[in-house]
Amino acid sequence: MLMLKYYVQAKPSHPQFYEVGTSIAHVFVNTDDADLAESASKDYLSRQHWQIDRLDGISRVRPRGSFQADKELTHYYDSAIRDGLCCVIAACEVGGDLKDEDIPK
């Protein structure tokens with residue numbers, strides 16, 4: 001499984017376009033093929049009305065057993081296994097700043 005981190009902006013077609021500022025999207029994709037993961041995640045973000053500013057990194061997700069105490073991360077992992085992809089977006093209000101605690105680890 002790979003996790004891709006993007007900086008994104010809401011497209012004008014996004015229902016919260018006037019409310020959401022710069023956001024960070026973490027996309028968990030159930031594949032080890034980086035090209036496939038990037039293509040699938042970009043397609044997903046576009047369909048959800050997000051414009052990608054830049055890809056900030058691709059990393060391999062640790063095996064599930066190594067973070068079972070973290071229920072949130074386990075949920076993302078299980079969702080990506082079940083559905084093929086799980087996207088988590090940390091968004092701030094227009095004019096606001098993202099804080100470290102707003103960003104999934």
Of the residues in segment 60-105 that are under 21 Å from Gln16 (Cα atoms) and among the acidic types (Asp, Glu), the one that is modelled with the highest pLDDT is Glu93
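If you check Ala25 against the conditions, is it of a type in the set (A, V, I, L, M, F, W, C) and farther than 14 Å from Met3 by Cβ? Quick ask: steps written out before the conclusion?
Details: of a type in the set (A, V, I, L, M, F, W, C): yes; farther than 14 Å from Met3 by Cβ: no.
No; evaluated as a whole, the condition is false for this residue.
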Checked pairs for segment 65-81, first without any contact (Cβ under 8 Å) to a residue 24 or more places away in the chain, second assigned to a helix (DSSP H, G or I) and not polar (S, T, N, Q), C-beta under 6 Å and 6 or more apart or across chains, list as Phe67/Leu73
Here the residues within segment 13-34 that are at pLDDT 90 or above and among the charged types (D, E, K, R) are Asp32, Asp33
In segment 9-22, anything of a type in the set (A, V, I, L, M) and closer than 13 Å to Arg47 by Cα is listed as Ala10
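Give the number of residues within segment 1-12 that are at pLDDT below 90 and not in a strand (DSSP E or B).
Filtering segment 1-12 for residues at pLDDT below 90 gives 9-12.
This time we only want the ones that are not in a strand (DSSP E or B), so: 11-12.
Number satisfying all stated conditions: 2.
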Over segment 1-34, the set of residues aliphatic (A, V, I, L, M) and over 16 Å from Tyr76 (Cα atoms) is Val8, Ala10, Val20, Ala34
Of those in segment 49-84 that are assigned to a helix (DSSP H, G or I) and touching a helix residue (DSSP H, G or I) at 6+ places or on another chain (Cβ under 9 Å), the residue surrounded by the most Cβ atoms within 10 Å (Cβ to Cβ) is Tyr77
- Message: One residue is enough: does segment 20-40 have a residue meeting the conditions in a strand (DSSP E or B), of a type in the set (S, T, N, Q) and buried (at least 17 other Cβ atoms within 10 Å of the Cβ)?
- Response: yes
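The values are calculated or read from the model by the stated rules, or taken from the named source; none is laboratory data. Remember, predicted model here, so these are calculated numbers, not experimental data. Backbone-built Cβ (ideal geometry, glycine too); neighbour counts: all protein chains shown.
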